[in-house]
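A short worksheet on the structure shown next.
The values are calculated or read from the model by the stated rules, or taken from the named source; none is laboratory data. Predicted, not measured: the structure shown is a model, and the values here were computed from it. Cβ coordinates were reconstructed from backbone atoms using ideal geometry, including for glycine residues, and neighbour counts include every protein chain displayed. Only protein heavy atoms, including side chains, enter the accessible area calculation; ligands, DNA and RNA are left aside. Shrake-Rupley method; radii C 1.70, N 1.55, O 1.52, S 1.80 Å.
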Amino acid sequence: MRSSKARTLDFLQHKLSKFTIPEFIYFKSLEWKDRNKEILYEIKETFQGSLLAVRSSAANEDGINNSRAGEYESILNVPSEHHNDVVDAVEKVLISYHRNGDVTDKDEVIVQRMLQNTIMSGVIFTHDLNTGAPYYVINFDDVSGKTNTVTSGDSKYANRTLYIHRGAADIIHSERFKNLIDAIQELEKIMNSQFLDVEFAVDKNLSPHLFQVRAITTQPNWNRAVSKRIDSALHGIQTFVRSKLKPVDGIYGCTTVLGQMPDWNPAEMIGRAPRRLAFSLYETFITNHAWRIAREKMGYAVPTGQPLMVSLAGQPFIDTRLSFHSYLPDKLSPEISEKLVNTWIKRLKENPELHDKVEFDVAITTFSFDIDEKIEKLTGNTLSIDEKDEFKECLRMLTIELIKDENGGGVDSALNKIKRLEKEQESFKLNTTEPDLNFLYKMMDDCIWLGTIPFSILARHGFIARTILLSLENKGILNKTEVQSIQSGIRTVASDLVSDMLNFQEKKISREDFMLKYGHLRPGTYDILSLRYDQIENFGSGNIPMRSGLVSEEFTLEMEQKNSINEILKKEGFFEHGIDADYLVEYIKKATAGREYGKFIFTRTVSDILELIAKYGENNGLSRDEISHISFTDILKATTSSKEESIEDRLRKKSKEGAELHAVSSAIRLPQVLYDEKGVHVVPFQISHPNFITDKRVDAECIRLSPGNNPPSLKGKIVIIESADPGFDWIFAHDIAGLITKYGGANSHMAIRCAEFSIPAAIGCGEQKFEIIINTNKLLLDCASGLIQPQI
């Protein structure tokens with residue numbers, strides 16, 4: 001870099017052919033006092049009535065190790081013919097120098113012609129700012145037409161982010177981004193640096209313009225070894241994705257879409273880049289076999305032997321082709337099944353923002369009373385009239401069987417298994433002196449066969465129940481308020497937790513009794529680093545304002561509503577199977593509460609397994625952090641195979657290897673929805689549409705919570721958390737104003753909780769919006785209008 005921002009631009013203006021630098025002049029700060037009349041005359045003659053940008057160019061700005069970005073003023077849209085406005089703008093820039101120390105003879109001021117008719121502006125880093133990963137990271141605004149919304153942090157505009165792998169910039173087809181990257185690459189050569197922070201704009205002719213360039217100052221924090229491994233890791237991902245996108249014998253669908261939030265939403269449960277232990281526990285207990293066995297028990301078609309979740313350099317993705325296949329009734333013809341899966345994959349590719357709503361807005365997974373409208377909307381002309389009738393009838397018969405629990409795939413059958421697991425748990429006592437790792441095998445079997453398989457059945461029933469309930473609203477039999485009343489009147493384990501927390505604070509129950517029931521909960525269910533409730537010393541203590549009126553009164557149908565529901569049940573052939581209005585509403589309540597109870601019980605075994613592993617690691621000289629980088633399989637191998645090395649040496653070697661891979665995984669950027677090879681290298685932050693709960697509006701201060709972060713009071717605040725994990729259920733004991741999560745679907749754990757307690761919420765707002773929200777002190781959350789707006 002040259003000695004200042006101004007001199008760098010001066011150096012570049014005659015060397016660049018692909019960037020245009022808007023016309024400018026600059027002068028030393030100390031000159032202003034002695035010759036400001038001359039400078040003002042030069043400005044007037046040079047810019048001839050144009051609007052100006054008056055920018056800082058301090059001597060200590062844009063250094064190699066400290067950019068001081070944003071510390072000094074820049075004044076935009078200054079009319080050059082208005083003498084006083086120009087003087088005022090220059091004075092404001094000079095005053096900003098005084099705020100940060102004395103003005104020196106090396107400080108300068110830039111006066112530049114404002115660029116008009118921009119279609120995009122922003123900032124591009126030529127390597128990832130945090131990790132040094134080899135990406136062009138483009139933060140841009142292509143909505144407002146302004147040139148400073150990204151640098152000013154103005155959240156009113158749709159500032160977006162695009163990651164482009166440096167090794168694949170030639171695959172870009174968008175002309176505006178291709179022109180921009182070409183200009184950046186020329187700039188890198190002239191500056192003899194690949195580590196630049198560039199402020200730019202693109203005009204209506206798609207020509208890029210340069211406002212300023214400086215060195216990235218975070219380089220000393222980077223792990224160079226990680227960034228060097230990313231190129232080969234991305235090549236491996238591309239090869240893997242290419243093979244996954246091909247047709248597979250025995251599985252419906254010509255191709256697939258890989259997503260982090262569809263179906264079993266791993267990004268919500270274990271994170272975008274989980275550590276090895278968390279990833280391996282999730283696949284062991286859920287996505288390898290349990291998901292498929294559960295759906296087969298329920299009467300769905302399932303692809304034999306297929307794991308649902310895949311790993312892309314350690315990041316979890318769901319193969320939605322398998323999901324869509326497994327949402328189909330097993331009695332549906334293969335021809336219709338193939339057509340439906342292809343249609344739904346196509347819809348998800350064209351509407352990636354629906355990735356956390358596939359069961360409601362992409363696929364049809366159950367019968368509902370608005371089934372005809374759904375078939376038309378979500379299948380279009382894919383099926384003939386006869387095929388649509390066959391599909392509808394298969395869904396109808398399967399849904400009746402499941403509601404009646406005729407073939408062992410119903411709510412009661414699953415709850416009986418969960419109750420057996422609860423009894424098994426009563427006999428488990430962790431030996432803290434010599435933990436027996438062999439006991440993990442029994443715990444694992446119990447957790448899968450009595451825990452996650454029946455829970456998977458209950459989770460599916462939760463979706464069926466909600467879909468049927470919403471269809472009653474869509475048919476005009478119930479209104480939105482009545483649907484919310486039914487949901488808020490369902491008492492779940494969360495209701496019990498909130499009541500017991502209040503009793504605990506009022507000393508009506510002891511800490512020991514409270515923790516005996518709830519102590520296993522942790523904000524990261526599969527994360528060994530996340531503290532359990534019974535490991536948080538001051539959990540629930542102190543004078544903390546608690547909620548009153550914990551659960552709404554149970555909703556009772558009016559006779560007119562019962563008659564309307566019975567009429568539609570008769571029309572659709574449910575009534576003759578013994579399903580009347582009372583039976584249906586009771587099923588909806590039981591399915592909703594049962595799902596939450598199942599999760600509460602099986603996660604106790606997962607939590608105990610984590611503690612057994614942690615104690616085993618401690619006895620062999622490994623910390624929880626080290627153990628978190630070892631897969632569950634490798635831990636189990638310590639009990640089944642002998643080696644010359646000690647257990648400590650073997651596991652520490654695995655831990656080091658896992659930590660290195662996790663560093664690479666964390667640095668790699670992948671889209672949440674991936675449907676072609678190009679997506680491995682060109683990564684937009686896809687916009688997510690939050691799932692709004694209730695129709696309430698709240699304007700309040702907000703607070704962000706992380707695992708282990710247990711502040712004294714949340715009363716009256718909008719709580720912001722990353723994932724909708726049951727370990728955060730304690731927040732509902734506080735009188736919170738609202739809830740916002742980064743991940744989570746329309747029927748996720750926290751969505752149900754917020755409906756239960758009538759708390760306004762935006763579940764699953766996505767990465768882009770979440771990054772804006774966490775830097776905000778106050779928010780407007782308007783669920784009826786679908787708005788989340790930062791407030792001043």
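Among Leu30, Leu258, Ile110, whose Cα projects farthest towards the positive end of the dipole of the chain, with charges put on the beta-carbon of Lys, Arg (+1) and Asp, Glu (-1)?
Final value for the positive-end residue is Leu30.
Computed from the mean reciprocal separation of all distinct C-alpha pairs, what Kirkwood hydrodynamic radius does the chain have, in Å?
On the way: mean 1/r = 0.0343 Å⁻¹.
Here the Kirkwood hydrodynamic radius works out to 29.2 Å.
Can you list the equivalent-ellipsoid semi-axes of the range 564-661, largest first and in whole Å, using the square root of 5 times each Cα gyration tensor eigenvalue? Mind dumping the intermediate values first?
Working: eigenvalues 557, 33, 26 Å².
Working through the eigenvalues yields semi-axes of 53, 13, 11 Å.
Under a crude label model (7 Å from the Cα following the beta-carbon direction), how far is Lys475 from Glu81 in nanometres?
Label-label distance for Lys475 and Glu81, simple model: 7.0 nm.
In terms of modelled amide H atoms, which long-range or inter-chain residues lie less than 5 Å from the amide H of Met114?
Under 5 Å from the amide H of Met114 lie the amide H atoms of Leu51, Leu52, Ala53, each far enough along the sequence or on another chain.
Could you state the principal axis extents of the C-alpha atoms in the range 213-332, from the largest down, to the nearest angstrom?
Extents along the principal axes, in whole Å: 63, 28, 24.
So, R0 is 35 Å and r is the distance between the beta-carbons of His235 and Lys637; what FRET efficiency does that work out to, to 0.05?
On the way: r = 29 Å, r/R0 = 0.84.
Once the sixth-power term is evaluated, E becomes 0.75.
Using the alpha-carbon atoms, what tilt in degrees (0 to 90, nearest 10) does helix 559-571 show relative to the longest principal axis of the chain?
80
What residue among Ser485, Leu531, Gln425 has its Cα farthest toward the positive end of the dipole of the range 424-541, where the charges are +1 on Lys, Arg and -1 on Asp, Glu, each on the Cβ?
Most positive-ward Cα: Ser485.
If you place +1 on the Cβ of every Lys and Arg, -1 on the Cβ of every Asp and Glu, and leave all else neutral, what size is the dipole of the chain about its Cα centre, to the nearest 20 Debye?
Dipole size: approximately 1160 debye.
Under a 5 Å amide H to amide H cut-off, with H placed in plane at 1.01 Å, what residues pair with Ile718 once short-range neighbours are removed?
Amide H neighbours of Ile718, under 5 Å, 5+ apart: Glu701, Cys702, Ile703, Ala737, Gly738.
In whole Hz, what ³J(HN,Hα) sequence does the range 258-275 give by Karplus (6.51, -1.76, 1.60; θ = phi - 60°), x for Gly and Pro?
Each residue's phi maps through the Karplus curve to give 9, x, 8, 10, x, 6, 8, 4, x, 4, 6, 8, 10, x, 5, 9, x, 6 Hz.
Rounded to the nearest whole Å², what accessible area per residue is found for the chain with the 1.4 Å probe?
41
How fast does the range 218-263 diffuse by Stokes-Einstein, in µm²/s, taking the Kirkwood radius from C-alpha pairs at 4 °C and 1.567 mPa s? Working shown, then result.
Numbers: Rh = 13.5 Å.
D = 96 µm²/s.
For a quick check: with amide H placed at 1.01 Å from N, whose amide H comes under 5 Å from Ile119's, ignoring anything fewer than 5 positions away on the same chain?
For Ile119, the qualifying residues are Val202, Asp203, Lys204.
May I ask you to work out the translational diffusion coefficient for the range 625-688 at 20 °C, viscosity 1.002 mPa s, via Stokes-Einstein with Rh from the Kirkwood sum over Cα pairs, reported in whole µm²/s? The partial results should precede the final answer.
Values: Rh = 14.3 Å.
Calculated translational D: 150 µm²/s.
Rounded to the nearest 5, what % of the DSSP beta bridges within the chain are antiparallel ones? Please list the in-between numbers first.
Numbers: 64 of 74 bridges.
Here the antiparallel bridges make up roughly 85 percent for the chain.
Not counting the cut sites, what is the longest span of the chain without GluC sites (Glu not before Pro) that DSSP labels loop and that have at most 11 other Cβ atoms within 10 Å?
Details: sites that count: Glu506, Glu537, Glu553, Glu558, Glu644, Glu645.
It runs 1-505.
Using alpha carbons only, how many degrees (0 to 90, rounded to 10) separate the axis of helix 453-474 from the longest principal axis of the chain?
Once rounded, one gets 80 degrees.
Tell me the mean residue ellipticity at 222 nm calculated for the chain from its helices only (DSSP H runs of n ≥ 4, each -39500 (n - 2.57), averaged over every residue, nearest 500). Display every interim value, and only then the final one.
Details: 26 runs with 336 residues, N = 792.
That comes out to -13500 deg cm²/dmol.
Could I get the Rg over Rh figure for the range 471-523? Both from C-alpha atoms, Rh via Kirkwood, rounded to two places.
1.26
Give me a comma-separated list of calculated 3J(HN,Hα) values for the range 748-756, in order, Karplus coefficients 6.51, -1.76, 1.60 applied at θ = phi - 60°, integers in Hz, x for any Gly or Pro.
Once rounded to whole Hz, the list reads 6, 3, 6, 4, 5, 4, 5, 5, 4.
Under the definition of Cα pairs under 8 Å and six or more residues apart, what whole-number percent is the relative contact order of the chain?
13
Quick one: what are the phi-derived ³J(HN,Hα) couplings along the range 83-90, Karplus 6.51/-1.76/1.60 with θ = phi - 60°, whole Hz, x for glycine and proline?
Listing the rounded values in order: 3, 5, 5, 5, 4, 4, 5, 4 Hz.
Quickly work out the Arg242-to-Glu567 label distance, labels modelled 7 Å from Cα along the C-beta direction, and quote it in nm with one decimal.
6.1
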